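Nothing in this text is a laboratory measurement; each read-out follows from the coordinates by a stated rule. All values derive from a computational prediction rather than experimental measurement. Note: ideal-geometry Cβ built from the backbone for every residue, glycine included; neighbour counts use all protein chains shown.
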Amino acid sequence: MASHQHTSFQQALARWSAVPKILTIGGAVVAGIGLFVDPQQFGYSYLLAFMFFLSIALGSLFLVILHHLFDAAWSVPVRRINEHLAFLLPVLGILFIPIALLAKKIYPWMSINPATDHALGAKAALINVPGFYVVSVILFLVWTLLSWRLRAWSLEQDRTGAVLCTRKMRFHAAWGIFAFGFSLTLGAIFWMKSLQHQWFSTMYGVYYFAGSVWMTLVTVYVIATILKKAGPLAEVVKERQFYDLGVLFFAFTVFYAYIHFSQYFLIWNAAVPEETFWYVVREQGTWWQIGLLILFGHFLLPFLALLRIDAKLKITVMAPLAIWAWLMHFCDLSFNITPVLQIFRKAAKSGGDLAVEMTKAKPDNFVVHWMDIGCLAFIGGVLAIVFIKYFRAHAPYPQKDPRFAETMGVYLPEGSDSHAVVGGAK
């Protein structure tokens, strides 16, 4: 039975294996044309796609760390999915190169003299050109080390079953949770928040974190469903895994809304111009509608859809919600990134002080540019190819994890090694 399912899975993979390649090649062609036609638009489209997929990799790394910190049992069958997704971070480090090369076209502060701009001068110790590149390299080194060691010890445990592997994974999770929180915050600040360097927000790192884990949870739900339907996870992924993923997705729906509302409320309540302008410029044109869409679509719709307990177990509910979540996360990141390009171009054409004009110019309407689609297809295709390669090369789930028997509901009665109680029944 298991062999037949594995064969079906391999056949399904063979049928769909060309899709990532098509996305990669097609996306590369579209993005390449865009690079020559409009390098600045390409830079912003590429940054948008990059931050979208970085969310999934970082969210997966967090879920792996969380598993080891709490010594969880329910997440063992889906942990290998998260380990492979997290280990896409080294690949994303390579894919960051275009952003590094086009940074001066993407980040307005790189064209401003800190001596003439008080906001940039006050943040010069952090926001400076050498620091941007040094910190970016350090972030990917930290993420690579952490995701690599957690996955490497997990694979080693498949081979040896040694308890040392569990202890090592707990050790890396212990220091990794602090490194993760600090590094994710720096990445969000350097690569997104600094697009408008005058802006202040102490919650921006948590804001990006909440959206990232939210989208990752539903992504893992979909991948686990596919692998269970016709693949090697058919016998190990149960209702418990889907239910807990759905519960966490529901929890992060509320958490994201809390963080986003708190950021907006604190800025509105203080009414400090250095903070309020960020929202003021996003109330222009159709960006106001996008803000409302995020409010109701990112929170209210999934919140209401998941209130029923059994909704978290219905793929007819969760699959459309997954597509909706990816769309909402794209809109959320667009809300952060795209208006800056429109403002940057108007500010540069005005001939006035760039730093001042960046806080006054009004963005155009929201639009999904064809380069956005090309960059999403390219980065998504590359990461899909690497993920499938990882999954084919290793066992689909942890083979000798000490919590696996508990996950499957298998218990050995005291004083017996031959009669098992499965799911509470002999």
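Describe numerically, in nm with one decimal, the distance between label points set 7 Å from Cα along Cα→Cβ at A179 and at V410.
According to this spin-label approximation, the distance is 3.4 nm.
Roughly what angle does helix 163-191 make with the longest principal axis of the chain, taking Cα atoms, 0 to 90 degrees, to the nearest 10?
That works out to roughly 20 degrees.
Less than 30 Å apart at the alpha-carbon level, and either on another chain or at least 8 residues along: which lysines does that give for K123?
K123 reaches K104, K105, K193, K346, K349, K360, K362.
Just order 306-312, 168-174 by mean Cβ neighbour count inside 10 Å, highest at the front, would you?
168-174, 306-312
Mind ranking 114-122, 150-158 by how tightly packed they are, going by the mean number of other C-beta atoms within 10 angstrom, highest first?
150-158, 114-122
Compute the length gained on full extension between D71 and D38: take 0.36 nm times their separation in residues and subtract their Cα-Cα distance, giving the result in nm to one decimal.
6.9 nm
Apply 1/(1 + (r/R0)^6) to the Cβ-Cβ distance of W268 and E235, taking R0 = 45 Å, and write down the FRET efficiency to the nearest 0.05. Don't jump to the answer; show the numbers that get you there.
Details: r = 52 Å, r/R0 = 1.16.
Here the calculated transfer efficiency is 0.30.
Compute the long axis of helix 129-160 from its Cα atoms, compare it with the longest principal axis of the Cα atoms of the chain, and write down the angle in degrees, 0 to 90, nearest 10.
So the inclination is approximately 10 degrees.
Pop out the Kirkwood hydrodynamic radius of the range 2-422 from its pairwise C-alpha distances, inverse of mean 1/r, in Å to one decimal.
Hydrodynamic radius (Kirkwood, Cα pairs) of the range 2-422 is 22.8 Å.
Enumerate by residue number the GluC sites (Glu not before Pro) in the range 311-417 meeting two conditions: DSSP loop (anything except H, G, I, E, B), and at most 10 other Cβ atoms within 10 Å of the site's Cβ. Write out the running numbers ahead of the final one.
Details: sites: E357, E406, E414; in loops: E414.
For GluC sites (Glu not before Pro) across the range 311-417 that sit outside H, G, I, E and B with at most 10 neighbouring Cβ atoms in 10 Å, the list reads E414.
Within the range 242-257, which residues have the backbone N less than 11 Å from the label spot 7 Å out from A311 along Cα→beta-carbon, could you tell me?
Counting backbone N atoms under 11 Å from the label point, the list is 250.
Hey, what angle do you get for helix 370-393 against the long axis of the chain, alpha-carbon based, 0 to 90 degrees rounded to 10?
20 degrees
222 nm [θ] for the chain, helices only, -39500 (n - 2.57) per DSSP H run of 4+, per residue, to 500?
-24000 deg cm²/dmol
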